[in-house]
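Input: a single structure, listed below in structure tokens.
The values are calculated or read from the model by the stated rules, or taken from the named source; none is laboratory data. Please read all numbers here as calculations on a predicted model, not as lab measurements. Here the Cβ is made from the backbone with ideal geometry for all residues, glycine too, and neighbour counts use every protein chain on show.
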Amino acid sequence: MKRLIGILLLIGSAEARWVSLGSAIPAEPTLEVISATDNQTVVVLRIQGFEVVDTLIGSTSYQRLYLPGNYFSMDIQGLPSLPVVSFGLAIPAGASLSHSISILEAETLSGYRVFPSQLPADTLSYPLSLLKNHIYPPFIETRPQ
């Protein structure tokens, strides 16, 4: 139990820093309806930035990325734990659905080693080891784009 408390204190004491993608202060992602008709709805998702917490595992520094607000991370064990934004759109009964996604702006950032998703805490065994997906090692070493 002492090990678990030490880990929680280490993570709890890590300081988050804001990485701006448009807002100088931490701001939640925004979803804006640009247009809505009987046949089409156009929405724009803006991510203003993200918070980074450095995590040292052995001698390797990883970064945990968070979005302000109540967002979760992609949780595929061993792959980068990236924040996920989801939203719902109502589709009338009997309507057909088609969709397209366009990236209006993109920014490439370097210098991040994104922390890989781990097993749930109740399945961990000691000593702890970092779970990495060895099928997709480029995901661990590349940076979010």
(message) Looking at the range 84-107, I want the residues that are at negative phi and have a partner that is aromatic (F, W, Y) and in a loop (DSSP other than H, G, I, E, B) with Cβ atoms under 9 Å, at least 6 apart or on another chain. Which pairs are those?
(response) V84/Y71; V85/Y71; S86/Y71
(request) Starting from the range 22-34, take each residue that is on the phi < 0 side of the Ramachandran plot and list its partners that are exposed (fewer than 12 other Cβ atoms within 10 Å of the Cβ) and outside any strand (DSSP E or B), counting only C-beta distances under 8 angstrom and pairs at least six apart or across chains. (result) E28/G69; P29/G69; L31/F87
(message) Can you tell me how many residues within the range 22-56 are closer than 19 Å to R113 by Cβ, among the aliphatic types (A, V, I, L, M) and crowded, with 16+ Cβ neighbours inside 10 Å?
(response) 1
(request) Inspect all residues belonging to the range 84-93 and state whether any of them is closer than 23 Å to I25 by Cβ, aliphatic (A, V, I, L, M) and part of a loop (DSSP other than H, G, I, E, B). (result) yes
(request) Just name the residue that is nearest to E105 (Cα to Cα) out of those in the range 35-56 that are in contact with a Lys or Arg (Cβ under 9 Å, 6 or more places away or on another chain) and touching a residue at least 60 places away in the same chain (Cβ under 8 Å). (result) V52
(request) Kindly establish whether S59 is free of Cβ contacts under 8 Å to residues at least 60 places away in the same chain, of a type in the set (S, T, Y) and either surrounded by 10 or more Cβ atoms within 10 Å (Cβ to Cβ) or under 23 Å from V42 (Cβ atoms) (or both). (result) no
(request) For the range 69-83, name all the residues that are in contact with a helix residue (DSSP H, G or I) (Cβ under 9 Å, 6 or more places away or on another chain) and part of a strand (DSSP E or B). (result) P80
(request) Provide a single number: the residues in the range 62-78 that are surrounded by 12 or more Cβ atoms within 10 Å (Cβ to Cβ), under 20 Å from T30 (Cβ atoms) and touching a residue at least 40 places away in the same chain (Cβ under 8 Å). (result) 5
(request) Give the residue, chosen from S61, S98, that is at pLDDT 85 or above and assigned to a loop (DSSP other than H, G, I, E, B). (result) S98
